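In what follows, a structure is listed as structure tokens, so that the remarks can point back to it.
The values are calculated or read from the model by the stated rules, or taken from the named source; none is laboratory data. Owing to the predicted nature of the structure, the values given are computational and were not obtained by experimental measurement. Note that we place each Cβ from the backbone using ideal geometry, even for glycine, and neighbour counts take in every protein chain shown.
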């Protein structure tokens, strides 16, 4: 691996992590909710698209749109059915139920896929545009360029939306003080439902963009959950800006390891980089790089 590859591949993977972790950070920032089913949103979106296409039910573009709509609605249902009723019992109850939900989703996919094909195999999706071009002597797929462009557009929109729109101001009000927001007439439950739904959309969008570059198995949801958690812990719980910084730091660190440590040791160390970051940050700076008392 060269320095050019490190920069390009790091930017691509960092963009995926930024999308994935921003939704996770947003939910914590607004509602103080640690949602352990976030990785399952990624997983379920990828499989829904695959099932629609594999069963000749929908074309690829329509399957993407429908799957993103379904996962967004599903995120809202998760809040109403599982998170909202347990808020009064504390964070541990929400942790347990969202963990259980993620596990159930994984098991259902595992059983269905295993029964369907007889032998469990990884799935992947077609690239949006085949081929690519050379940048700095490195062959870059068009899919990579789409990932980076989509991340810039979506995350820029998210930041502007939260800062400038009426709904965004309500989200910020809830993130700062739920009780005060209620007194101001803000429907806190509605805001939290929208936030969880949008986080599910961002997780689903991450799958839409990244699965065509790789593959996915029913148990991969936990990997992406840990990646999102590591980004948020590094950047600061509830800080969107911190999540963006954390995403690219973790991504470039992984590829830096691959650049300077020989195979297979480099691959092994790169695979646990985010776990080491979680441990180190929790020891030396639990609130992360940009974590503050007020969330988001």
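For the reader, a short list of remarks on this structure follows.
- From the options 238, 266, residue that is modelled with pLDDT under 85 and surrounded by fewer than 22 Cβ atoms within 10 Å (Cβ to Cβ): 266
- Counting only residues that are closer than 20 Å to residue 129 by Cα and free of Cβ contacts under 8 Å to residues at least 24 places away in the same chain, region 54-65 holds 7 of them.
- Residue-level analysis places residue 82 outside the set of residues that are surrounded by fewer than 24 Cβ atoms within 10 Å (Cβ to Cβ), in contact with a strand residue (DSSP E or B) (Cβ under 6 Å, 6 or more places away or on another chain) and part of a helix (DSSP H, G or I).
- Of residues in region 127-148 being touching a residue at least 24 places away in the same chain (Cβ under 8 Å) and in a strand (DSSP E or B), the one farthest from residue 8 (Cα to Cα): 141
- Residue among 202, 244, 209 that alone is modelled with pLDDT of 90 or more, over 19 Å from residue 75 (Cβ atoms) and crowded, with 22+ Cβ neighbours inside 10 Å: 244
- Residue check for residue 69: free of Cβ contacts under 8 Å to residues at least 24 places away in the same chain and either crowded, with 22+ Cβ neighbours inside 10 Å or not in a helix (DSSP H, G or I) (or both): no
- Count of region 255-284 residues which are free of Cβ contacts under 8 Å to residues at least 24 places away in the same chain and in a helix (DSSP H, G or I): 15
- Filter pass, residue 20 being in contact with a strand residue (DSSP E or B) (Cβ under 7 Å, 6 or more places away or on another chain), within 16 Å of residue 229 (Cβ to Cβ) and in contact (Cβ under 8 Å) with a residue 40 or more places away in the chain: no
- Checking residue 90 against (1) out of contact with any strand residue (DSSP E or B) (no Cβ under 6 Å at 6 or more places or on another chain); (2) crowded, with 17+ Cβ neighbours inside 10 Å; (3) over 18 Å from residue 222 (Cβ atoms), the condition it does not meet: (2)
- For region 108-126, the candidate set comprises residues that are touching a strand residue (DSSP E or B) at 6+ places or on another chain (Cβ under 8 Å) and in a loop (DSSP other than H, G, I, E, B); within that set, the residue that is surrounded by the fewest Cβ atoms within 10 Å (Cβ to Cβ) is 122.
- Test: residue 168 is surrounded by 15 or more Cβ atoms within 10 Å (Cβ to Cβ) and under 14 Å from the mean Cα position of the chain (by Cα): no
- On inspection, residue 230 passes the criterion of being touching a residue at least 40 places away in the same chain (Cβ under 8 Å) and over 26 Å from residue 61 (Cα atoms).
- Pair list, Cβ under 6 Å, 6 or more apart: region 84-103 residue farther than 17 Å from residue 229 by Cβ, other residue exposed (fewer than 15 other Cβ atoms within 10 Å of the Cβ) and modelled with pLDDT of 90 or more: none
- Residue among 21, 40 that is buried (at least 24 other Cβ atoms within 10 Å of the Cβ), at pLDDT 95 or above and closer than 21 Å to residue 97 by Cα: 40
- Of all residues making up region 40-61, the number that are more than 16 Å from residue 123 (Cβ to Cβ) and in a helix (DSSP H, G or I): 2
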